[in-house]
Each structure stands twice: as structure tokens, then as C-alpha cells.
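Accompanying notes for the structure given below.
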Amino acid sequence: MEFELAEEHRMLKDLVARFVRDELTPLEPAVLKREAEGCGLGLGRDEHSRLDEVSRSLGLWGLDAPEDIGGSDLPAVAMVGVNEELARTVTPYTLPPDSPNLRMLQATVTERQKEAYLAPYVRGETVSAIGISEPGAGGDPAGMITRADRDGEDWVINGRKIWITRAADADFTILMAVTDKEKGARGGISAFLVDKGTPGFNVVRPIPMVGGAVTYEVLLEDCRVEGWKLLGTEGQGFAPMQLRLGTRRIEMAAWSIGMAQRALDMICEYAPQRTTFGQPLSQRQAIQWWVADAATKIHAARLMTYDCAWKLDQGRDVRMEISMIKAFCTEMAYEIVDHAMQTFGAMGMTKELPLQLMSAKLRTMRIYDGPTEIHKWVVARNLLGSRR
Ligand SMILES: Cc1cc2nc3c(=O)[nH]c(=O)nc-3n(C[C@H](O)[C@H](O)[C@H](O)COP(=O)(O)OP(=O)(O)OC[C@H]3O[C@@H](n4cnc5c(N)ncnc54)[C@H](O)[C@@H]3O)c2cc1C
């Protein structure tokens, strides 16, 4: 049994840690200030271009993309280390390309789609979105009712999607729709590549979310998509969509570990310095237990997440492990960040520290890509099976 990252994956993790320390963390005060002033969480164009330039020169693009289109094809275990480091700052930067849609495209594209969509995406030239959730179907996507009907060579999509991140900016959206109502999730849901500006793909409104994030509502009105933009096999969109969700959930577990570790580091630095009633906070059992519990839970979360990623790399079925880590790690980090905010007292309530933003991000992470309760239900359903 081996509990260490391979040498090259540890070196990559260290490299990302240096990128975060030298390039992302210095931008934090400006990011926090803009968010506090209600200007959103995004980076300025110049900031983004500079980060792209540096991360690209460090070889940090396309880490888990296929080698034949310029990626490094790294395994999931390596990406856990990368994502843990990236989450140690609230500066919002994603190393191109974002992994979940990459995995879904990789599993499904035709040669033509590979040229037109996957390759530019890997090269960091395009941004994508995913349209699954609907007003009546979020945690249970099998209940979606957006329809795609054949019309000659084309597909015509009608329906409504909601909570879609990047829908207004993405060059293309992977849109899930029902192609056979009778079969539903068992052979009746397909994925489509819908380009920005396609007539009938109407971004109705931005929806400001907790923590400075924005999602969008999208109305699909006779949205015509050419036949070759069906992604994968007709009716078989659900499995690659689950693959995509699994990729994001492992990322979210790694992000949670990174945020929890930062919060713990902040407690450990601050508690010995702050004196109340004649003693430093670090001498108080309340704080000591938060520190001990945080360290223990982060250790458990890290081992669980690496174990899940390693099993995935071995080609094993990790659906239950993914639900376990998605629920455990997001809840764990939310609690630890909350304890850090409590330790800092009034300072922990300010928008000058990153803690409130980490807390708000984690609050949304306890919902998206499946709320905690649904993941626990999945685990219990698996274990109880027919004995229920
Ligand atoms: C910041 C953010 C970004 C998002 N981005 C996207 C995106 O880009 N694309 C996209 O398609 N969607 C996106 N979503 C949607 C997200 O994935 C869904 O909101 C989420 O899956 C929950 O669906 P819902 O809101 O319909 O909640 P529901 O499914 O209505 O669930 C509501 C609550 O009911 C409880 N519950 C539901 N089912 C069960 C059960 N079986 N057992 C026990 N309790 C249960 C849970 O407590 C749950 O929180 C985003 C959401 C957020 C918050």
C-alpha cells in the first residue's frame, strides 16, 4: 500500500502551490475589494491574460487533456493535488480547460466535433457551459422536460434551463434534452452542442448567487441545432453527463480540502497572537478542539479523495465513493471555515478576510452538482439495496 503521490505528481502540486502563492494570492485584496463593492467576482481582462500567460509558460494548461491534442493526460490522483492547491485562494482562476466538460467531450466526440470543439477547448481558446438543471428538475435531472425533436437533418430544442453557470459568455453549451419521453434517463436523454448566439438560445436573465457567483436562466425557443452537433449516441446522454458530474465532484472534494487547510492555517497563525482574559486563544480548549478536529477531518478527507481518484484511475466503479467525498468534504470544509470565522471574531465577519467568501462558495458547493442529502441518500440506497 502506498500513501504518497508519485514524485512527478508531487512536483506538479508544488509548482501549482508556487503559482498560487506568487500569482493568485497577491490578487486577493483586489478581488475581495471588488466583491465587497458589488462588482462581482471576476478578474479584469489584463489580470486574466497575465495569469493565462504565466500558467501556460509553466506548462499548467491541458493537464488532464489527451496527449494527441496537446494535453498531458494526467490521472485523477494528480488533479486532486492540483485542485487542492488552486482552492487555497479565493482569486477565481481555472487552469484551461475546465475538466468536467473536457471529460464529457472526450468520451463522446466524433472526429468532426473533436476538430471543431474539443481541440480548441483543450487549447484554451473556448469556454463552455453545461445545461442540465430546469425549474422542475435539478437534483433529479431525470425529470427534465426540455425536448429535442428531429426536423430533417436538424434537431429543434424547446424548453427552459436554469442555474446555468457561464451561459451568457460560453462559446458553446452542452445542452441536455429529452429525445424519447418514454425512455427518459434510460435511453431517452441526449446531449447537444449549442453555439453562443444560436437563434432560440435565449439567455433570459442573470441570477446573482451567494458568494458573488452568477448563474443564468435560458429559454430555448425552436432552437435549431445541426444534426452533427448531437454529442454521443442519441438517447445515451445520461452516462457521459454522469461522468462529467463525477469529475466535478472529485474536484469539489479537492477544492474543499484546499479551503479547509487554508482556514486551519489561518486559525493556527492567529490564535497564539490574540489574547483575551489574559491568555492567548490558542490556550483555550474550544479553539484547540477546533484545530484538532479540523486537522483530523482534513486528513480523513484527503485520504478518501485520493482513494476515490486512484480507484477511478484503475477503472473501478466509484459512484458511491464520489457521493461520499462530495458530501463529506464540502460539509467538512464549511464547518472548518465557520470555526475560523468564529476564531477571528469581528474580523472574521469582514469582507477584508477571504474567509467569508470561502464560506459562501462552500455554501453553494453543498448544493450544486447534487445537494449533500441526495449524495447521502445515494450511499444509503446502495448499502441498503433490497433490504430497505
Ligand atoms: C452556484 C450554482 C451553480 C450551478 N451551476 C449549474 C450549471 O452550470 N448547470 C446546471 O445544469 N445546473 C447548475 N446548478 C444547479 C444545481 O446543480 C442544482 O441546483 C442542484 O443539483 C440541486 O437541484 P435543485 O436546486 O432543483 O434542488 P432540488 O432537487 O429541488 O432539492 C432541494 C433540496 O431537497 C432535498 N432533497 C432533494 N432530493 C432529496 C433526496 N432524494 N433525499 C433527501 N433530500 C433530498 C435536498 O436538501 C435539496 O437541497 C447550479 C447551482 C448552483 C447553486
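If I ask for residues that are near the ligand (Cβ under 8 Å from one of its atoms), charged (D, E, K, R) and part of a strand (DSSP E or B), which ones from the stretch 146-168 would you list?
As a first pass, look at the stretch 146-168 and keep what is near the ligand (Cβ under 8 Å from one of its atoms): 161-167.
Keeping just the survivors that are charged (D, E, K, R) gives 161, 166.
Residue satisfying the conditions is Lys161 alone.
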Can you name the number of the only condition in (1) under 14 Å from the mean Cα position of the chain (by Cα); (2) surrounded by fewer than 20 Cβ atoms within 10 Å (Cβ to Cβ) that Val82 fails?
(2)
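Results for (1) under 18 Å from Met11 (Cβ atoms); (2) among the polar types (S, T, N, Q); (3) outside any helix (DSSP H, G or I), shown as yes or no for each residue.
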| position | (1), (2), (3) |
| --- | --- |
| Ala30 | no, no, no |
| Glu35 | no, no, no |
| Gly42 | no, no, yes |
| Ser49 | no, yes, no |
| Glu53 | no, no, no |
| Val77 | yes, no, no |
| Val82 | yes, no, no |
| Thr91 | no, yes, yes |
Counting only residues that are on the phi < 0 side of the Ramachandran plot and not in a helix (DSSP H, G or I), which one in the stretch 300-324 is surrounded by the most Cβ atoms within 10 Å (Cβ to Cβ)?
Val318
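Yes/no per residue for (1) touching a residue at least 40 places away in the same chain (Cβ under 8 Å); (2) buried (at least 20 other Cβ atoms within 10 Å of the Cβ); (3) among the aromatic types (Phe, Trp, Tyr); (4) touching a strand residue (DSSP E or B) at 6+ places or on another chain (Cβ under 9 Å):
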residue: Leu220; (1), (2), (3), (4): yes, yes, no, yes
residue: Leu243; (1), (2), (3), (4): yes, no, no, no
residue: Gly246; (1), (2), (3), (4): yes, yes, no, no
residue: Gly258; (1), (2), (3), (4): yes, yes, no, no
residue: Gln261; (1), (2), (3), (4): yes, yes, no, no
residue: Leu264; (1), (2), (3), (4): yes, yes, no, no
So the check is Cβ under 7 Å with 6+ separation or different chains; which pairs have a first residue in the stretch 38-57 that's over 15 Å from Val90 (Cβ atoms) and a second one that's among the acidic types (Asp, Glu)?
Val54/Glu23
By residue number, the members of the stretch 91-145 that are more than 16 Å from the ligand (Cβ to nearest atom), more than 20 Å from the chain's Cα centre (by Cα) and closer than 20 Å to Ile164 by Cα are Tyr117
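Only the coordinates and a few stated rules stand behind these numbers; no lab work does. The structure displayed is predicted, hence computed values, not measured ones. Counting neighbours? That spans all protein chains shown, and the Cβs are built from the backbone with ideal geometry, glycine included.
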